[in-house]
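Structure, as structure tokens:
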Amino acid sequence: MEKVVIKMAEITLDILAFGAHADDVEIGMGASIAKYAKLGKKIGICDLSNAELSSNGTVEIRKKEAQIAADILGVTVRETIGLPDRGLFPNPEYIRKITEVIRKYRPKLVFAPYFQDRHPDHGQCARLVEEAVFSAGIKKYASEDGFEPHRVKNLYFYMINGFHEPDFVIDVTGYMDKKIESLNAYASQFIKDEKTFNTPLVNGYIETIEARERLFGKEVEVAYAEGFKRKKPVIINLDLFGERE
């Protein structure tokens, strides 16, 4: 009988954030990543595609920009699965690949884009990650990489495009500069020049994101906050009294 080899995670993450493309995670929760990385949490980003259909830049340029952005935020590990851009449809093999990343890094928390978004890939990413989070905890769900099953404590959803009423916000006052710096690292996507194809991203997009986080902050009486959605209720303990860090 063939011996089954169980692999152990080389790095155990506190947070694993998925995006359909490099820059999705930074747009939605870059300041939160910078905050928790500064607090000593190990954080990973996994981009599902190489963003090969992006109107501006190239795959090679985007990968370099993504690593620079990750370094700015203090990310521990970043990797790309290589699923097809604009092809993130429900597929058992795609779910399996995402499941293996979750089992590999055994994160406490997983983040994905919110389902409602003008870009279909973002909603599809959310659905694939939700499926993978569930599959990762099933003992008999086969994993080619041989990592043990892992149950994620919570799955949260960050916002990319749009302004949705959040289920909770994270105070990121003092970390917005890191978020903006990480977005500016994607010069191919957000900075317009004479060769740039005209897209919403090169027309004041970063300023719009900053304004959104300022509005979320105003709702909770802080300078900036990032908003998140979730499907399960939030447990409140001492925070019931409005105590902050």
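Points 7 angstrom from Cα along the Cβ direction at Asn91 and Lys139: gap in nanometres?
3.2 nm
Please state the charge dipole magnitude for the chain, taken about the Cα centre, from unit charges on C-beta atoms (+1 on K and R, -1 on D and E), reported in debye and rounded to the nearest 20. Present the calculation step by step, with values, prior to reporting the outcome.
Details: 35 positive and 38 negative charges, 169 e Å.
Using only the charged Cβ atoms, the result is roughly 820 debye.
Which loop-located trypsin sites (Lys or Arg not before Pro) does region 195-244 contain, where loop means any DSSP state but H, G, I, E or B and the Cβ has at most 16 other Cβ atoms within 10 Å? Numbers along the way, then the final one.
On the way: sites: Lys195, Arg212, Arg214, Lys218, Lys229, Arg230, Lys231, Arg244; in loops: Lys195, Arg230, Lys231, Arg244.
When the trypsin sites (Lys or Arg not before Pro) of region 195-244 are filtered for loop state and at most 16 Cβ neighbours within 10 Å, Lys195, Arg230, Lys231, Arg244 remain.
Picking from Glu210, Glu65, Glu221, which is most flexible by a Gaussian network model of the chain using Cα springs under 10 Å?
Glu221
Within a Cβ distance under 11 Å of Gly57, other residues only, what is the Lys/Arg minus Asp/Glu net charge? Spell out each step's value before the answer.
On the way: positive: Arg62, Lys63, Lys64, Lys195; negative: Asp23, Glu52, Glu60, Glu65.
Neighbour charge sum, excluding Gly57 itself: 0.
Among the lysines, which have Cα under 25 Å from the Cα of Lys178 when same-chain residues fewer than 8 positions away are ignored?
Lys35, Lys38, Lys41, Lys42, Lys63, Lys64, Lys108, Lys192, Lys218, Lys229
Given the options Asn56, Asn198, Asn161, state which has the largest fluctuation in a GNM of the chain using a 10 Å cut-off (strictly under) for Cα springs.
Asn198
Which percent, to the nearest 5, of DSSP beta bridges fully inside the chain are antiparallel? Let's see the in-between values first.
On the way: 6 of 25 bridges.
The antiparallel proportion sits near 25 percent.
Using the Kirkwood radius over C-alpha pairs as Rh, can you work out the diffusion coefficient of region 85-154 via Stokes-Einstein at 20 °C, viscosity 1.002 mPa s, in µm² per second?
On the way: Rh = 12.3 Å.
Estimated diffusion coefficient is 175 µm²/s.
Dipole size in debye (nearest 20) for region 112-245 around its Cα centre, Lys and Arg Cβ +1, Asp and Glu Cβ -1? Mind dumping the intermediate values first?
Values: 18 positive and 23 negative charges, 93 e Å.
In debye, rounded to 20, region 112-245 gives about 440.
Taking the Cα atoms of region 1-135, report the difference between the largest and smallest coordinate on each principal axis, in whole Å and largest first.
Taking the Cα atoms of region 1-135, the three principal extents are 52, 36, 28 Å.
Mean separation of Cα pairs under 8 Å and 6+ residues apart, divided by the residue count of the chain: what relative contact order is that in percent? Don't skip to the end; give the middle numbers.
Working: 456 pairs, mean separation 59.0, N = 245.
Relative contact order for the chain comes out at 24 percent.
Can you tell me the convex hull volume per residue for region 33-97, based on C-alpha atoms, in Å³ to the nearest whole number? Please list the in-between numbers first.
Numbers: hull volume 6.2 nm³, N = 65.
It comes to 95 Å³ per residue, whole-number rounded.
Quick one: compute a quarter of the convex hull surface over the Cα atoms of the chain and quote it in nm².
Values: hull surface 55.6 nm².
Averaged projected area of the chain's Cα convex hull equals 13.9 nm².
Taking only Cα atoms and a 10 Å spring cutoff, compute GNM fluctuations for the chain and point out the largest among Ile160, Ile45, Ile11.
Largest GNM mean-square fluctuation: Ile11.
Report the dimensions of region 133-245 along its three principal axes from the alpha-carbon atoms, largest first, rounded to Å.
The Cα atoms of region 133-245 stretch 54, 46, 22 Å along their principal axes.
Coordinate-derived values only; no laboratory data. Predicted model, so just to flag it, every value in this text is computed and none were measured. Backbone-built Cβ (ideal geometry, glycine too); neighbour counts: all protein chains shown.
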